[in-house]
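Inspection log for the structure reproduced underneath, given as structure tokens.
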Amino acid sequence: MNPTPPDDGCWFATEIQPHEPALRAYLRSHFPGVPDVDDLIQESYVRMLQHPEKSRIACAKAYLFATARNVALSILRRPRIFSTQPVTEFPAAGVVEEGINVAESVSIKQEIGVLLDAVDALPARCREIFILRKLQGVSQKEIAQRLGLSEQTVQVQIGRGARKCADYLRNHGVIPPH
């Protein structure tokens, strides 16, 4: 039996919007590196409303939080291309980059791209821990507290993530074989 599709406005108002304060608190505590929580929440709402089978979502709150987590992780993985500093505030000396040529710059950017692919290839929990520790600088103790894990588990996951990333980089020619 096919349930009738939900009215988007009613479904959103009853199943999604009431969770905004809790979602906002979750995002601020788990993803302090995200520059704009409001944008993240809005993107999560858009994804929820665009879901083709809203009527099949068993727990809208859990799905909303998972969607927001995925949006946050994708924002944190995305390289910063644009500076938030106004162009008028850039020092003139910074316009010409010294010490690195174009070929080196392109090579570095490609290596960073492969590194991001390596991080993306990690299992979800390992990736989350690895990003928190290596990219955001969160301590192992704080990661353990946030995720309800032992510090030993966090340490093992960080090591596993580093090994898998190194293997990925080796397989893609970024770092030489053993």
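The values are calculated or read from the model by the stated rules, or taken from the named source; none is laboratory data. What you see is a predicted model, and the numbers here were worked out from it, not measured in a lab. Cβ sites come from the backbone with ideal geometry, for glycine too, and all protein chains shown count toward neighbours.
Residue-by-condition table, conditions (1) closer than 30 Å to Ser139 by Cα; (2) in the same structural domain as Gly113 (by TED's automatic domain parsing); (3) at pLDDT 80 or above; (4) part of a helix (DSSP H, G or I):
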{"site": "Thr14", "(1), (2), (3), (4)": "no, no, yes, yes"}
{"site": "Leu27", "(1), (2), (3), (4)": "yes, no, yes, yes"}
{"site": "Tyr45", "(1), (2), (3), (4)": "no, no, yes, yes"}
{"site": "Pro52", "(1), (2), (3), (4)": "no, no, no, no"}
{"site": "Lys61", "(1), (2), (3), (4)": "yes, no, yes, yes"}
{"site": "Phe65", "(1), (2), (3), (4)": "yes, no, yes, yes"}
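Considering only residues that are of a type outside the set (A, V, I, L, M, F, W, C) and assigned to a helix (DSSP H, G or I), look in the stretch 67-78 and name the one that is nearest to Gln17 (Cα to Cα). Steps first, please.
Going through the stretch 67-78, the residues of a type outside the set (A, V, I, L, M, F, W, C) turn out to be 67, 69-70, 74, 77-78.
Narrowing further to those that are assigned to a helix (DSSP H, G or I): 67, 69-70, 74, 77.
Details: Thr67: 14, Arg69: 16, Asn70: 18, Ser74: 22, Arg77: 27 Å.
Within the stretch 67-78, the match that is nearest to Gln17 (Cα to Cα) is Thr67.
Out of the residues in the stretch 29-41 that are assigned to a helix (DSSP H, G or I) and loosely packed, with under 12 Cβ neighbours inside 10 Å, which is modelled with the highest pLDDT?
Asp38
So which helices (runs of 4 or more DSSP H) stay within the stretch 113-178 end to end and still have 3 or more residues that are farther than 21 Å from Arg69 by Cα?
Details: elements: 124-130, 140-147, 151-171.
So the answer is 151-171.
Restricting the first residue to the stretch 53-67 and requiring it to be buried (at least 18 other Cβ atoms within 10 Å of the Cβ), which pairs with a second residue that is of a type in the set (Ser, Thr, Tyr) and assigned to a helix (DSSP H, G or I) meet a Cβ separation below 8 Å and a spacing of at least six or different chains?
Leu64/Ser44; Phe65/Tyr26; Thr67/Ser44
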